[in-house]
């Protein structure tokens, strides 16, 4: 699995056809509306209805949601952290790993969600069959057509406004989810707790504020991805005190993730270089290239390789949620401390 595929996303059917599918499912199949055990948590702090603004306008949630479907790649984490178990979610890393990530496994328990799509390609029929009373799509690339189709039948909270897709701060997404669930105060508590964790890291390592850091991924021979300073993985490092080198930032531009050939490995010459790798072969492909060995950061052993799984460090950085961030801090800080 390569995170490059997170942003090469297939789009759903045209809105008119999808609307027809939704209508047919609801009318013909007759969504049961039965609430599964433990689908929702006790009432939160809000008086409904509540309204949430987003990229495509604003959405009113008339009553406390009980059947929540998450269409953002990592939205389920904040929903789980706020005591609500989604009935539907999209698949991001394949193999339905939502139940195996160490930061969320216990919260899912023995009630996994229905998989209603892969990344930003949604199965509209499955969504309609679940008859959700709230759809959340924060960390997503949901199109206006997809939003218009779904919002004809269900309350949909799309991406935060004012940000490129996949570049909204985790705090903003958590707050939007908290508001939609009627749990704003609980969401703020989660955010404050993580902000304190980052503050403790910065206090322990004030020297990191003087250093630059970059994150990339070698995804095929001779090519690598570089992640924007606004990408969750880079934001994670920023919140530890690191900054982005100016040439790197300029080269990536407004993209969430940019592709380069190994001839541009010079862009990764920072004080700390982190690579996310799916397999040992990916690491060997990079380290075996003569251009890589010429980098100063490599010659001084300031490069780190973080696997996506076993341990799940790369996945935790990619999610960058109120559930995964504490796990990532525990894993990554010690790795960074080992670099002198």
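Listing for the model above:
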{"item": "Test for residue 71: is it buried (at least 21 other Cβ atoms within 10 Å of the Cβ) and either more than 22 Å from residue 161 (Cα to Cα) or at pLDDT below 95 (or both)", "result": "no"}
{"item": "Filter result for residue 258 (in contact with a strand residue (DSSP E or B) (Cβ under 9 Å, 6 or more places away or on another chain), free of Cβ contacts under 8 Å to residues at least 60 places away in the same chain and buried (at least 18 other Cβ atoms within 10 Å of the Cβ))", "result": "yes"}
{"item": "Helices (runs of 4 or more DSSP H) (entirely within region 263-340) containing at least 1 residues that are exposed (fewer than 15 other Cβ atoms within 10 Å of the Cβ) and in contact with a helix residue (DSSP H, G or I) (Cβ under 9 Å, 6 or more places away or on another chain)", "result": "280-287, 290-293, 296-299, 324-337"}
{"item": "Tabulated pairs, region 63-92, first on the phi > 0 side of the Ramachandran plot, second at pLDDT below 95 and surrounded by fewer than 22 Cβ atoms within 10 Å (Cβ to Cβ), C-beta under 6 angstrom, 6+ apart or interchain", "result": "83/41"}
{"item": "Residue within region 208-221 that is surrounded by 15 or more Cβ atoms within 10 Å (Cβ to Cβ), in contact with a helix residue (DSSP H, G or I) (Cβ under 6 Å, 6 or more places away or on another chain), modelled with pLDDT under 95 and on the phi < 0 side of the Ramachandran plot present", "result": "yes"}
{"item": "Members of region 154-199 found to be out of contact with any helix residue (DSSP H, G or I) (no Cβ under 9 Å at 6 or more places or on another chain) and within 21 Å of residue 327 (Cα to Cα), listed by number", "result": "172, 189, 192, 196, 199"}
{"item": "Segments classed as helices (runs of 4 or more DSSP H), wholly inside region 105-158, with at least 1 members that are crowded, with 21+ Cβ neighbours inside 10 Å", "result": "124-130, 144-151"}
{"item": "Output for region 82-91, where each listed residue is under 15 Å from the mean Cα position of the chain (by Cα) and surrounded by 23 or more Cβ atoms within 10 Å (Cβ to Cβ)", "result": "89, 90"}
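The values are calculated or read from the model by the stated rules, or taken from the named source; none is laboratory data. Since the model is a prediction, treat every value here as computed from it, not as a measurement. Note that each Cβ is placed from the backbone with ideal geometry, even for glycine, and that neighbours are counted across all protein chains shown.
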